[in-house]
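Readers should treat all values here as calculations from the given coordinates under stated rules, not as data from a laboratory. Computed from a predicted model, the values in this text were never measured in an experiment. Ideal geometry is used to build each Cβ from the backbone, glycine not excepted, and the neighbour counts take in all protein chains shown.
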Amino acid sequence: MAVSDSLPWKPYPELSDAERIARANTFLESMRTRRSCRHFADTPVPREVIEAAIFAAGTAPSGANRQPWHFAVVSSPEAKAAIRVAAEEEERNFYAGVAGEAWLEAVSPLGTGPDKPFLETAPWLIVAFAQRKGGFDAAARVQNYHVTESVGIACGLLLASLHQAGIATLTHTPHPMRFFNRLCRRPAEEKPLMIIVAGHPAADATVPAFALKKKPLEQIASWL
Ligand SMILES: Cc1cc2nc3c(=O)[nH]c(=O)nc-3n(C[C@H](O)[C@H](O)[C@H](O)COP(=O)(O)O)c2cc1C
């Protein structure tokens, strides 16, 4: 097994514990204000914001540092319209019964339906693809590891970065979503995991009250 070179740890900023706690809480308070947005304005968002958020996503930890993600960024009206048509077709089937009763009941408090006008209104659609095979060389085809976990973490960073930049997002998962490979011109071996819609909320945007219901710390953590 090859042994890699080591570099000295690059120190994080010198902080007191009080400063660390304050920073952690500042981040928490900011993230508490993130809400999935389903009503977007067509107000433009600079490409630099999207690029920085994808760079941030690309800093995520990943199995064996394989970075098994690709983000297809869509802004052209034609491509967004094609995505909307394909997504709404799948969503019509989904809400007509493909989802099954339990799933439809689970999403009912969100008030969502098959119409997805935001796929055309929002300035940016970012489709996250998971690569089962890849490598640093674009042509490489080595096995990747913990692919879904890695891409999930990267998408979390992407969402947090956009939120910090004051951009509203929606994580959207039309079901099934293989059409993204064709419309984003990605190889069949890549698996689309989610589309992240990014933009500014419409003036009359609302959020489902249900979304504000978050589990308490005691329920999501145990201390051993
Ligand atoms: C993996 C994943 C898939 C999601 N898919 C959809 C979706 O297809 N449509 C939708 O309207 N919201 C979708 N959401 C958003 C959730 O409904 C939303 O995160 C949840 O209701 C909590 O609301 P919040 O994001 O405002 O906290 C998805 C979220 C995740 C993490």
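Details
- Looking at the range 124-198, the chymotrypsin sites (Phe, Trp or Tyr not before Pro) that sit in a DSSP loop and have at most 12 other Cβ atoms within 10 Å of their own Cβ are Phe136.
- In sequence order, the range 176-186 has phi-based couplings of x, 10, 4, 4, 4, 4, 5, 6, 9, 6, 10 Hz under the Karplus curve 6.51 cos²θ - 1.76 cosθ + 1.60, θ = phi - 60°, and Gly or Pro positions carry x.
- Once the chain from Lys133 to Ala24 is taken as fully extended at 0.36 nm per residue, the excess over their C-alpha distance is 35.7 nm.
- Counting DSSP beta bridges with both ends in the chain, the antiparallel % (nearest 5): 95
- Order of Lys213, Lys80, Lys133, Lys10 under a 10 Å beta carbon neighbour criterion, fewest first: Lys10, Lys213, Lys133, Lys80
- Considering only Glu51, Glu19, Glu90, the mean-square fluctuation computed in a Gaussian network model of the chain, springs between alpha carbons under 10 angstrom, is largest for Glu19.
- Per residue, the chain reaches -11000 deg cm²/dmol at 222 nm when only DSSP H runs of four or more residues are counted, each adding -39500 (n - 2.57).
- One Cα centroid belongs to the range 97-136, the other to the range 177-224; the line between them spans 7 Å.
- For the range 149-169, the residues whose backbone nitrogen is under 17 Å from a point 7 Å from the Cα of Lys214, taken along Cα to Cβ, are 156-169.
- Each eigenvalue of the Cα gyration tensor of the chain, multiplied by 5 and square-rooted, gives one semi-axis; in descending order these are 30, 25, 19 Å.
- Loop-located chymotrypsin sites (Phe, Trp or Tyr not before Pro) in the range 8-65, at most 11 other Cβ atoms within 10 Å (DSSP): Trp9
- For GluC sites (Glu not before Pro), the sites in the range 127-224 that DSSP calls loop and that have at most 13 other Cβ atoms within 10 Å are Glu189.
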